[in-house]
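Encoded as structure tokens, the structure appears first; notes follow it.
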Amino acid sequence: MLDFLGSLQRTHMCGELRVEQDGQPVVLMGWVNRRRDHGNLIFLDVRDRSGITQVVLDKEVSGEAHAKAEAARSEYVVAVKGKVRRRGAGLENPNMPTGAIEVVASELLLLNEAKTPPFSPADDAIANEEVRLKYRYLDLRRTEMQHNFALRSRVAMAIRNYLVEQGFLEIETPFMTRSTPEGARDYLVPSRVHAGSFYALPQSPQIFKQILMISGFDKYFQIARCFRDEDLRADRQPEFTQIDLEMSFPQQEKVFRVVEGFLTAAFKTASISLTTPFVQMTYDDAIKNYGIDKPDMRLPAMVSLTDELTAELRETLKIEKELPVLGFVIPRAGALSGTQKRALVEEIRATFGDSGLDFLDVARLKTNESFAPLASTIEAKLSEEQTRFEGASSQVDAADLVIVVTPKIGTPAKWNFDPQWIYKRVGALRLQLAAKFADKHGRFVKTGTEADYKFLWVTDFPMYEWDEETKVWNAAHHPFTSPHEEDIKAGRLTNDKGAVRALAYDIVLNGTELGSGSIRIHRQDVQAEIFRSLGMSDAEAKERFGFFLDALEYGTPPHGGIALGLDRIVMILAGATSLREVIAFPKTAKAIDLMVDAPTPVSDQQMRELHLKTVVRS
Ligand code: ASP
């Protein structure tokens with residue numbers, strides 16, 4: 001027989017009690033985390049979201065309560081009336097915040113029973129993620145998940161508070177709208193009232209937030225849900241949450257200061273204090289020094305050895321004349337056995353495939369009289385970077401792994417359409433080896449301090465990307481991104497697209513893009529020109545974004561903004577390795593919600609009302 005709650009009131013949460021409450025009468029409510037039966041004594045660990053308290057049921061204290069505890073099982077819902085008692089010497093549990101006390105029950109109420117769960121929420125690690133997702137309600141009971149969502153709530157609140165203090169207004173924008181410009185595939189909602197027409201779920205609030213600036217709201221933000229029907233990569237979700245903001249009359253630095261402010265507030269909730277402003281780097285420098293537009297700055301940068309490889313040396317070493325030669329160091333990863341070294345060289349050559357790149361073995365150069373000076377020059381240049389990185393004098397030595405990548409003779413003919421390819425290839429190798437030797441260099445190990453978080457602004461992205469296959473310039477960002485004023489003035493939009501820089505920026509953390517934004521186009525003539533320069537005809541632009549082009553003509557202020565992924569920020573702060581750990585009801589990599597079992601077919605009646613018919617193509 002189950003008990004009723006009646007008028008019983010909880011006095012404390014299960015994680016709250018300490019020795020100070022010794023002797024105090026209390027009422028706790030929660031779930032049976034574990035039950036241990038020692039005959040006349042039964043121990044119930046009672047859990048709620050704040051923690052766990054050990055409850056003792058002593059037959060001598062209350063036979064009735066003891067009898068109920070005999071019937072209780074894991075995950076039963078109970079209420080306990082009793083008294084706090086300091087645990088005897090040697091019986092404390094230092095691993096539990098409540099480990100110095102226990103509650104001696106005088107009454108136990110069984111408020112609900114539970115089937116034997118497919119896994120115990122008391123366990124730390126559950127291997128099978130599908131089972132976790134199917135029984136998400138049980139999974140979310142686990143301490144780690146409760147912690148993640150408490151953190152998420154604090155982070156979101158800190159960001160909200162900060163932005164409101166800065167004069168931002170939180171304004172909601174529609175979920176049912178028309179196609180937005182982020183360039184992914186839309187999720188569509190069929191209209192019952194308008195046969196054959198569809199709403200699109202927003203890929204971002206982009207157009208609406210710009211319109212809010214036209215409407216004079218000055219500063220807008222929203223913790224907004226976005227929907228993108230993309231082929232899911234490991235770390236993507238079809239719906240995700242962005243911290244989305246827009247402001248009027250800003251230079252990009254204004255946007256940066258706001259973001260640094262709210263990130264500082266967010267990280268403070270996890271007891272991490274950040275130093276601002278963050279480092280700023282142009283896209284060109286990021287490519288040149290890291291070979292990627294989202295540099296991971298927890299390790300030294302790449303170093304150009306182009307000038308050190310003179311024409312003469314290139315000829316003897318069979319290195320192509322004009323192309324860059326790049327080196328980098330993976331600290332403390334150099335002490336390899338002969339076999340390991342050979343395997344590594346093989347691995348590197350394999351990743352290069354037939355790209356025309358090769359690997360120069362500096363250790364071997366050293367042993368050859370005519371190349372020894374080159375080897376020392378290389379080491380000196382790499383030591384310079386190492387010193388810059390460490391902020392103190394630091395020499396590359398045999399304990400470090402030195403990698404030098406050279407283009408073989410004949411490579412440029414193959415690659416000359418993209419002068420950056422060599423930087424990108426070497427940058428990718430740097431990351432690959434950094435991950436491979438993480439145990440050795442130790443730079444990815446969390447210390448719980450600011451040093452774990454290397455933030456960076458990347459600016460001045462190219463406005464257009466050349467598509468070699470279709471031989472056209474594509475917008476590198478959504479088409480409302482403004483080019484640099486100088487590039488517009490100099491007429492580069494029409495005569496030198498490749499040189500046009502966008503007023504676009506990304507915020508990067510430890511090699512991950514946290515968010516991106518831009519200063520927008522606020523003039524209708526420039527917007528129309530950009531659409532045209534992207535090969536979108538006036539008619540097509542009008543058809544897709546006509547309402548927006550109209551709005552631009554009614555006094556649009558200069559404006560700009562950014563959006564950052566909230567899920568990813570919380571994931572990083574929680575130390576989780578998947579977004580699914582910080583989204584309460586996530587989808588699998590195949591975009592399925594295993595708990596509610598979605599998507600599913602719908603009834604014929606619903607289909608009829610929506611004027612739809614499915615034809616399943618194999
Ligand atoms: N709407 C953009 C995005 O979702 C961000 C921005 O430009 O503000 O990536």
Give the residues of the stretch 582-597 that are more than 21 Å from the chain's Cα centre (by Cα) and closer than 18 Å to G565 by Cβ, sorted by residue number.
none
Looking at (1) part of a loop (DSSP other than H, G, I, E, B); (2) modelled with pLDDT of 95 or more, can you tell me which one A158 breaks?
(1)
With the stretch 466-573 as the region, which helices (runs of 4 or more DSSP H) entirely inside it contain at least 3 residues that are of a type in the set (A, V, I, L, M)?
524-533, 538-552
Considering (1) in contact with a helix residue (DSSP H, G or I) (Cβ under 8 Å, 6 or more places away or on another chain); (2) surrounded by fewer than 18 Cβ atoms within 10 Å (Cβ to Cβ); (3) among the acidic types (D, E); (4) at pLDDT 90 or above, say which one E384 fails and leave the rest.
(1)
If you take the residues in the stretch 561-581 that are in contact with an Asp or Glu (Cβ under 6 Å, 6 or more places away or on another chain) and of a type in the set (A, V, I, L, M), which one is farthest from the ligand (Cβ to nearest atom)?
L579
Return the residues of the stretch 528-555 that are hydroxyl-bearing (S, T, Y) and either within 16 Å of the ligand (Cβ to nearest atom) or in contact with a Leu (Cβ under 8 Å, 6 or more places away or on another chain) (or both); say none if nothing qualifies.
S533
Here the residues within the stretch 149-171 that are within 16 Å of the ligand (Cβ to nearest atom) and either under 30 Å from E540 (Cβ atoms) or among the small types (G, A, S) (or both) are I171
Considering only residues that are in contact (Cβ under 8 Å) with a residue 60 or more places away in the chain and among the hydrophobic types (A, V, I, L, M, F, W, C), which ones fall in the stretch 357-403?
L357, L374, I378, L382, F389, V396, A398, A399, L401, V402, I403
Looking at L305, L313, which is the one that is in contact with a strand residue (DSSP E or B) (Cβ under 7 Å, 6 or more places away or on another chain) and not small (G, A, S)?
L305
Considering each residue of the stretch 483-515, count those that are within 16 Å of the ligand (Cβ to nearest atom) and of a type in the set (D, E), and give that number.
2
Scan L360, L344, L336 and give me the residue that is modelled with pLDDT of 90 or more, at negative phi and more than 30 Å from the chain's Cα centre (by Cα).
L344
Scanning the stretch 389-410 for residues that are farther than 21 Å from K366 by Cβ and surrounded by fewer than 20 Cβ atoms within 10 Å (Cβ to Cβ), the one modelled with the lowest pLDDT turns out to be G410
Search the stretch 120-174 for residues being under 21 Å from the mean Cα position of the chain (by Cα) and charged (D, E, K, R), and hand back the single one that is surrounded by the most Cβ atoms within 10 Å (Cβ to Cβ).
R152
Hey, does the stretch 329-339 have a residue that's in contact with a helix residue (DSSP H, G or I) (Cβ under 9 Å, 6 or more places away or on another chain) and part of a strand (DSSP E or B)?
yes
Picking from S74, S50, S106, which residue would you name as being touching a helix residue (DSSP H, G or I) at 6+ places or on another chain (Cβ under 8 Å) and touching a residue at least 24 places away in the same chain (Cβ under 8 Å)?
S106
Quick check: is even one residue across the stretch 457-475 more than 24 Å from the chain's Cα centre (by Cα), under 30 Å from L573 (Cα atoms) and of a type in the set (D, E, K, R)?
no
Of the residues in the stretch 178-219, how many are closer than 30 Å to P557 by Cβ, away from the ligand (no atom under 11 Å from the Cβ) and either aromatic (F, W, Y) or not in a strand (DSSP E or B) (or both)?
13
What are the residues in the stretch 89-125 that are within 17 Å of G15 (Cα to Cα) and assigned to a loop (DSSP other than H, G, I, E, B), if any?
E92, N93, P94, N95, M96, P97, T98, G99, A100, P121, A122
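Conditions (1) buried (at least 16 other Cβ atoms within 10 Å of the Cβ); (2) over 19 Å from A158 (Cα atoms); (3) not β-branched (V, I, T), marked per residue:
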residue	(1), (2), (3)
T264	yes, no, no
F267	yes, no, yes
Y283	yes, yes, yes
G291	yes, yes, yes
K294	yes, yes, yes
R298	yes, yes, yes
A301	yes, yes, yes
E315	no, yes, yes
E320	yes, yes, yes
Would you point out which residue out of K590, K613 is under 27 Å from A224 (Cβ atoms), out of contact with any helix residue (DSSP H, G or I) (no Cβ under 6 Å at 6 or more places or on another chain), at pLDDT below 95 and surrounded by fewer than 21 Cβ atoms within 10 Å (Cβ to Cβ)?
K590
Would you check which residues across the stretch 457-482 are of a type in the set (F, W, Y) and either away from the ligand (no atom under 16 Å from the Cβ) or touching a Pro at 6+ places or on another chain (Cβ under 6 Å) (or both) and list them?
Y464, W466, W473
Quick test of your reading of the structure: A71 fulfils all but one of (1) surrounded by 13 or more Cβ atoms within 10 Å (Cβ to Cβ); (2) modelled with pLDDT of 95 or more. Name the failing condition by number.
(1)
Q237 versus (1) more than 16 Å from the ligand (Cβ to nearest atom); (2) polar (S, T, N, Q); (3) crowded, with 16+ Cβ neighbours inside 10 Å: which is the lone unmet condition?
(1)
Would you confirm whether or not the stretch 561-583 contains a residue that is touching a strand residue (DSSP E or B) at 6+ places or on another chain (Cβ under 8 Å), exposed (fewer than 15 other Cβ atoms within 10 Å of the Cβ) and at pLDDT below 95?
no
From the residues in the stretch 74-113 that are acidic (D, E) and either touching a His at 6+ places or on another chain (Cβ under 9 Å) or farther than 13 Å from Q54 by Cβ (or both), which one is surrounded by the fewest Cβ atoms within 10 Å (Cβ to Cβ)?
E113
Checking L263, L274 in turn, the sole residue that is closer than 16 Å to V570 by Cα, among the aliphatic types (A, V, I, L, M), more than 14 Å from the ligand (Cβ to nearest atom) and in a loop (DSSP other than H, G, I, E, B) turns out to be L274
Of the candidates S482, S533, the one satisfying the condition of being buried (at least 18 other Cβ atoms within 10 Å of the Cβ) and closer than 24 Å to L212 by Cβ is S482
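The values are calculated or read from the model by the stated rules, or taken from the named source; none is laboratory data. Source: prediction; values computed, not measured. Using ideal geometry, Cβ is built from the backbone for each residue, glycine included, and neighbour counts are taken over all protein chains shown.
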